[in-house]
Each structure stands twice: as C-alpha cells, then as structure tokens.
Amino acid sequence: MKNHLENARLFLYNYVYTSYKVIFSILRGNGEGMDSIRLKARAKINLGLDVTGIREDGYHEVKMVMQTVGLYDRIIIEKTKEPGIVITSNLSYIPLNENNLMYKAADIAVFPSTYEPFGIVALEAMLSENPIVVSDIGGLNEIVEHRVNGMKAYCGNPNSIADSILELLYDHKLCADITRKAKNKVRNEYNWSKIAQDTHFTYQKAICQSMAEKQKRELEQERAKKAKKAKNTENEITNLLNFKKRQAYA
C-alpha cells in the first residue's frame with residue numbers, strides 16, 4: 001500500500017496542475033454496436049485537498065492528491081429502446097434527472113447521432129448548463145442554432161465534430177454565451193406551460209382550419225347548385241322558345 005500511495009503522490013504532484021476536460025457523449029444511430037458497458041467507479045481516499053476558488057458555474061476549483069481503494073460502485077450503461085437518457089439507481093438519494101453529476105461533471109456534451117427524431121438528451125444537457133455539440137440531423141438540427149445555443153457538426157464527420165469541440169474548449173466567451181442562451185431557450189420554450197399553450201394553439205388552429213375549409217366547401221357546393229339550376233333554367237327557356245317558334249311556323 002505504501003508504494004501505491006507514493007506512486008499516487010508522484011503522479012498527482014506532476015499532473016495536478018493540468019486542466020483536464022471532460023466530454024460527455026451519447027449518440028443514436030441505425031448501426032449495431034455494444035448493447036451495454038459495465039464499469040467500476042472506485043472509491044478513493046483524499047491524501048490532500050485544497051480549494052483554490054469558485055468557478056463561474058458555482059463549483060469549486062480544487063487541487064487534490066488521492067488514492068483509490070478496493071471499494072467501488074457498479075455502473076452499467078445500456079442501450080435503450082426509447083430516445084433519451086434514463087438513469088436508474090438502487091440508492092434513493094441519487095438524483096435521476098438533469099441534476100445527476102453525469103451531466104454536471106462534463107465540460108461539453110456531444111451528441112453525434114446519425115438518427116435522432118427529437119433530441120431530448122440535448123435539452124437535458126442544455127438545462128444542466130453544458131455547452132452542446134450536435135449532428136445537423138433530425139430534431140437536434142431543429143433545436144440547436146449554430147454558435148447561438150450550441151454547435152452543429154456535419155453528420156458522420158468526425159473532423160467537423162472535433163472542430164466544434166475545440167472551438168468551445170478554447171473560446172471561453174463563446175462557451176459561456178452558448179451555455180446561457182441554451183438554458184434560457186429550454187426554460188422559455190420547453191416548459192410544460194409553454195408546451196400546453198402551443199398544443200392548445202395547434203388544436204385551435206386545426207379546428208379553425210377544418211371549420212373554414214368545411215364552410216368553403218359548403219359555399220362552393222351551394223354556388224355549384226345555383227349555377228346548375230341557372231343553367232337548367234336557361235336550357236328550359238331556350239327549349240320553350242324553340243318550341244314556340246316551331247309552333248308559329250307550323
């Protein structure tokens with residue numbers, strides 16, 4: 001154990017000042033891949049911990065020296081049949097929504113899907129104040145406005161995805177602006193009151209259009225009947241005049 005602790009100290013003292021970035025990525029596609037991934041989240045002992053400041057997102061900047069131990073939690077990542085991310089746990093105190101650290105620990109959330117009907121995972125990340133990079137396809141393409149509330153990349157193009165990620169990592173102002181506007185967009189446009197209002201308006205519009213179309217059809221049918229009746233009356237008058245002419249010359 002002593003050698004392990006010493007190695008941990010040396011490693012962390014050498015690299016503790018390096019700013020590592022965490023990128024959370026999940027995709028949907030039509031291809032086949034792994035159905036599940038099983039990981040061990042090992043416990044640790046903090047040998048040293050310094051809080052050096054508070055970040056803009058409210059979290060603290062820390063420098064630490066730690067050593068893993070034999071205890072661990074099991075993490076299972078499985079492919080779901082329905083769109084979105086579903087978090088489950090046998091521990092009641094672990095948040096199962098966007099407050100989960102899976103979102104909050106990430107610097108950038110990347111969704112390089114090749115197929116995505118809506119994109120609720122992107123909304124969850126936006127609400128969690130993660131700048132996002134998405135493929136320009138399906139619902140993701142409709143949700144994200146490039147360089148406004150997220151970054152778009154060409155679908156299936158790894159270089160395009162990498163360019164968007166790097167731009168967010170190096171342009172801190174752009175990253176902060178995108179994060180703020182993305183969260184506001186989700187709160188303003190995807191809350192239940194707004195959704196209910198939009199749904200009500202859509203139904204009203206559909207009903208009004210149906211009624212207007214029905215009235216239009218009825219008016220057209222009435223005009224057609226009147227035109228047909230007028231034509232029949234005209235034919236009858238013409239036939240009557242012709243008959244009288246024939247009678248006069250007989």
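May I ask you to order 128-137, 60-69 by the average number of other C-beta atoms within 10 Å around their residues, highest value first? The partial results should precede the final answer.
Values: 128-137: 24.4, 60-69: 13.4.
Those peptides, ordered most packed to least, come out 128-137, 60-69.
For a quick check: sort Cys175, Cys208 by the number of other beta carbons within 10 angstrom, fewest at the front. Numbers along the way, then the final one.
Working: Cys175 17, Cys208 10.
Ordered from fewest to most neighbouring Cβ atoms within 10 Å, Cys175, Cys208 come out as Cys208, Cys175.
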Checklist entry - Which cross-chain or sequence-distant (5 or more) residues have an amide H under 5 Å from the amide H of Ser25, H modelled 1.01 Å from N in plane? => result Val110
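What is the Rg over Rh value, at two decimals, for region 83-221, using alpha-carbon atoms and the Kirkwood definition of Rh? Spell out each step's value before the answer.
Values: Rg = 19.5 Å, Rh = 17.1 Å.
Rg divided by Rh gives 1.14.
Where a number appears in this text, it was derived from the coordinates with a stated rule and is not lab data. Because the structure is a prediction, the values reported are computed rather than measured. Note: ideal-geometry Cβ built from the backbone for every residue, glycine included; neighbour counts use all protein chains shown.
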